[in-house]
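Visitor: Can you keep this structure in mind? I'll have questions shortly.
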């Protein structure tokens with residue numbers, strides 16, 4: 001027995017010493033509804049180079065789904081975890097032999113250059129992707145703005161590469177494309193497109209390691225021996241001829257110009273050493289992931305944790321060149337801003353926990369995130385809703401940038417103008433878009449006048465509370481009173497008889513008929529959910545909200561019902577409503593705070609039980625190991641925070657309510673300090689926190705403040721088998 005225990009201790013220590021990057025598996029979440037990126041990138045990098053498949057439906061939003069077995073190319077840009085597909089820019093496909101005009105896959109004898117592959121011949125790591133196709137072995141890595149391709153061809157075959165500027169992912173369609181051969185090793189061009197991003201502008205440059213023997217361009221399926229062409233359906237065809245088997249290609253991208261794309265290549269990958277760039281990419285990931293060091297002898301749990309942490313560091317992405325030049329939402333070029341400009345903020349998702357978590361794990365990036373949002377405000381007259389590579393998609397409801405800015409201000413982050421941020425928040429909240437005109441006039445949004453009226457109003461109430469808090473900090477008393485009042489407008493939707501949130505008609509009556517289970521996607525009073533799910537989305541005002549139910553105990557009784565009740569969601573329910581426990585949906589973000597409401601109301605025991613059940617059921621190290629869209633890291637951020645034992649319920653009050661830790665020890669780097677989180681008496685059945693001790697002093701409340709966590713030190717959870725209430 002002693003030998004067995006000693007062996008387990010040694011194994012745990014060895015795992016603890018291994019680099020965290022070794023435990024990342026990008027395939028996790030590529031099956032089911034995870035929609036994650038499979039490919040090579042660096043943390044928050046502009047390039048996500050990876051395989052692209054023919055989009056066969058919603059689950060191909062990232063361009064890749066684990067169930068598929070055909071690759072049509074390797075694109076330089078992909079989204080990760082989103083519910084809508086876009087990007088897929090500048091798709092390269094290596095192949096051998098005779099010229100093939102398109103990637104038509106139904107009949108491979110009909111000119112198609114798509115290729116069948118097997119997961120057995122595929123390798124995905126942080127910063128690296130490899131797959132063996134029938135004709136070519138493909139290896140991919142990346143820097144921040146450059147995709148690095150390495151192709152190994154068979155001997156005695158013409159080595160070819162198709163540069164597909166037509167094919168994109170999801171909604172993406174090209175509006176104008178251009179490619180030009182500059183010399184034997186250099187190509188430049190652009191790809192303008194419209195889709196979810198209504199006006200995407202991307203410039204590229206391509207450098208090859210060996211000179212090109214010949215080059216031509218396919219336009220609308222017809223090949224022409226030309227070196228330059230503009231059009232909409234273009235595929236450049238590079239022929240390296242017969243020679244040594246290995247060819248390497250670097251693809252730089254830029255939101256500004258091809259010249260800048262070339263400069264990005266020169267600045268980031270000037271030479272030809274694929275293995276060195278791969279090691280650099282993986283070391284960047286290792287440095288980023290080393291913010292957390294786990295103690296566990298479970299390789300599976302370590303893979304789940306570090307892959308979740310990895311997924312939380314894919315987006316937002318850089319949207320500037322190496323010299324920081326970028327193109328704004330107004331399509332103007334901005335030079336030397338003095339900071340990095342970012343895009344791909346899935347704010348309706350990420351304001352809930354991803355952004356609060358980054359104030360702990362990546363505090364150095366928070367000011368640049370905020371300044372990027374303020375840039376967008378300057379350029380489009382309102383804070384971003386869902387900014388995507390220079391376009392405002394206006395996707396999802398509410399003004400979800402507001403809690404993010406408020407959280408940064410209230411936590412004391414420096415490097416941006418608080419007054420300007422406040423004015424941006426206020427201006428955005430005072431617009432007449434998306435039902436706000438009704439809210440300002442009557443105090444509610446009539447259900448027959450505005451679709452998803454209840455969800456919109458509830459999101460506005462969260463944002464308005466955040467604005468009131470910032471107004472109080474900055475001394476704007478009149479604004480504080482006004483937005484504090486608006487923050488309470490959510491009460492108008494509460495039906496005290498049914499104890500549900502319900503749509504309200506212009507005459508002040510609740511909409512009839514009413515079914516708390518039914519979901520009609522994008523056509524009802526709720527956004528991707530039903531009355532059961534939205535009734536608990538008041539994280540900013542729990543004390544007053546519980547009073548509407550008749551007190552805390554009555555509210556808790558209703559909350560208990562959420563996790564056990566069942567009903568028919570209807571034929572038009574959104575597929576986003578996944579990961580169900582009763583009517584609780586872990587696979588969609590509006591309920592992510594709900595398990596921690598118990599803790600906020602003193603029921604530590606119930607939060608521990610629910611969090612343990614959710615993590616056990618819905619987070620694994622398998623391809624379908626994420627129960628819903630990862631949504632640019634929010635689904636993963638929920639797991640990372642929960643594994644540490646806490647979650648910020650109110651998106652801007654800095655209170656992290658405790659749940660149950662997943663590991664006996666996590667050392668977390670917070671800025672320049674270390675927070676050592678220890679679970680004493682940790683074990684399979686000891687899921688309940690008995691005591692919280694911070695730096696030797698007991699914490700007699702169910703939350704920890706941001707200031708306490710950011711200060712570092714020793715946080716001890718004393719665990720036990722019996723649940724505790726406060």
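The values are calculated or read from the model by the stated rules, or taken from the named source; none is laboratory data. The structure presented is a predicted model; accordingly, all values stated were derived computationally and were not measured. A quick note on method: Cβ atoms are made from the backbone with ideal geometry, for glycine too, and the neighbour counts reach across all protein chains shown.
Visitor: If you go through the range 600-619 one residue at a time, do you hit one that is in a loop (DSSP other than H, G, I, E, B) and surrounded by 19 or more Cβ atoms within 10 Å (Cβ to Cβ)? Explain how you work it out, then say what you get.
Guide: Going through the range 600-619, the residues in a loop (DSSP other than H, G, I, E, B) turn out to be 601-603.
From what is left, the residues that are surrounded by 19 or more Cβ atoms within 10 Å (Cβ to Cβ) are 601, 603.
Yes, the conditions are met somewhere in the range 600-619.
Visitor: Could you list, in sequence order, the residues of the range 303-357 that are at pLDDT below 95 and at negative phi?
Guide: 337
Visitor: Here's a follow-up. Condition test on residue 636, is it free of Cβ contacts under 8 Å to residues at least 40 places away in the same chain and in a helix (DSSP H, G or I)?
Guide: Judged against the criteria, residue 636 is not a match.
Visitor: Given (1) touching a helix residue (DSSP H, G or I) at 6+ places or on another chain (Cβ under 9 Å); (2) over 20 Å from residue 462 (Cα atoms), identify the lone condition not met by residue 390.
Guide: Evaluating residue 390 over (1) touching a helix residue (DSSP H, G or I) at 6+ places or on another chain (Cβ under 9 Å); (2) over 20 Å from residue 462 (Cα atoms) leaves (1) as the failure.
Visitor: Would the range 295-312 turn up any residue that is in contact (Cβ under 8 Å) with a residue 24 or more places away in the chain, touching a strand residue (DSSP E or B) at 6+ places or on another chain (Cβ under 7 Å) and assigned to a strand (DSSP E or B)?
Guide: Scanning the range 295-312, I find at least one residue that is in contact (Cβ under 8 Å) with a residue 24 or more places away in the chain, touching a strand residue (DSSP E or B) at 6+ places or on another chain (Cβ under 7 Å) and assigned to a strand (DSSP E or B), so the answer is yes.
Visitor: Looking at 454, 470, which one is touching a strand residue (DSSP E or B) at 6+ places or on another chain (Cβ under 6 Å), under 20 Å from residue 347 (Cβ atoms), in contact (Cβ under 8 Å) with a residue 24 or more places away in the chain and in a helix (DSSP H, G or I)?
Guide: So the residue among 454, 470 that is touching a strand residue (DSSP E or B) at 6+ places or on another chain (Cβ under 6 Å), under 20 Å from residue 347 (Cβ atoms), in contact (Cβ under 8 Å) with a residue 24 or more places away in the chain and in a helix (DSSP H, G or I) is 454.
Visitor: Then there's this: Find the strands (runs of 3 or more DSSP E) located wholly in the range 126-224 whose residues include 1 or more that are modelled with pLDDT of 95 or more, out of contact with any strand residue (DSSP E or B) (no Cβ under 9 Å at 6 or more places or on another chain) and surrounded by fewer than 17 Cβ atoms within 10 Å (Cβ to Cβ), and list them.
Guide: 173-183
Visitor: What are the pairs, 6+ residues apart or on separate chains, where a residue within the range 432-444 that is in contact (Cβ under 8 Å) with a residue 60 or more places away in the chain has its Cβ under 6 Å from a residue that is surrounded by fewer than 20 Cβ atoms within 10 Å (Cβ to Cβ) and not in a loop (DSSP other than H, G, I, E, B)?
Guide: Listed pairs, sorted by first residue: 444/492.
Visitor: Given the conditions (1) under 29 Å from the mean Cα position of the chain (by Cα); (2) closer than 21 Å to residue 33 by Cβ, report the number of the one that residue 568 does not fulfil.
Guide: (1)
Visitor: Would you confirm, using the coordinates I've provided, whether residue 461 is within 30 Å of residue 256 (Cα to Cα), out of contact with any strand residue (DSSP E or B) (no Cβ under 7 Å at 6 or more places or on another chain) and in a helix (DSSP H, G or I)?
Guide: No, not satisfied.
Visitor: Can I ask one more? Only one residue in 44, 6, 23 is at pLDDT below 95 and more than 20 Å from residue 166 (Cβ to Cβ), so which one is that?
Guide: 6
Visitor: Filtering the range 489-534 down to residues that are in a loop (DSSP other than H, G, I, E, B) and touching a strand residue (DSSP E or B) at 6+ places or on another chain (Cβ under 6 Å), which residue is farthest from residue 567 (Cα to Cα)? It would help to see each step written out before you state the result.
Guide: The initial filter retains those residues of the range 489-534 that are in a loop (DSSP other than H, G, I, E, B), namely 496-499, 502-503, 505-509, 511-530.
Within this subset, residues satisfying the condition of being touching a strand residue (DSSP E or B) at 6+ places or on another chain (Cβ under 6 Å) are 502, 516.
Numbers: 502: 17, 516: 9 Å.
Residue satisfying both the conditions and the ranking: 502.
Visitor: Something else about it: For the range 594-604, name all the residues that are under 26 Å from residue 577 (Cα atoms) and touching a strand residue (DSSP E or B) at 6+ places or on another chain (Cβ under 7 Å).
Guide: Result: 594, 596, 599, 600.
Visitor: Can you find a residue that is surrounded by fewer than 20 Cβ atoms within 10 Å (Cβ to Cβ), touching a residue at least 24 places away in the same chain (Cβ under 8 Å) and more than 26 Å from residue 341 (Cβ to Cβ) anywhere in the range 417-427?
Guide: no
Quick grid of which residues meet (1) assigned to a loop (DSSP other than H, G, I, E, B); (2) in contact with a strand residue (DSSP E or B) (Cβ under 7 Å, 6 or more places away or on another chain); (3) at pLDDT below 95:
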residue	(1), (2), (3)
226	yes, yes, no
230	no, yes, no
262	no, yes, no
271	yes, no, no
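Visitor: While we're on this one: Out of (1) over 30 Å from residue 59 (Cα atoms); (2) outside any helix (DSSP H, G or I), what's the single condition that is false for residue 566?
Guide: For residue 566, the exception is condition (1).
Visitor: With surrounded by fewer than 20 Cβ atoms within 10 Å (Cβ to Cβ) and modelled with pLDDT under 95 as the only criterion, which of 509, 496, 523, 552 stands out? Lay out the reasoning, then the answer.
Guide: On the way: 509 fails: modelled with pLDDT under 95; 496 fails: modelled with pLDDT under 95; 552 fails: modelled with pLDDT under 95.
Selected residue: 523, the only one of 509, 496, 523, 552 that is surrounded by fewer than 20 Cβ atoms within 10 Å (Cβ to Cβ) and modelled with pLDDT under 95.
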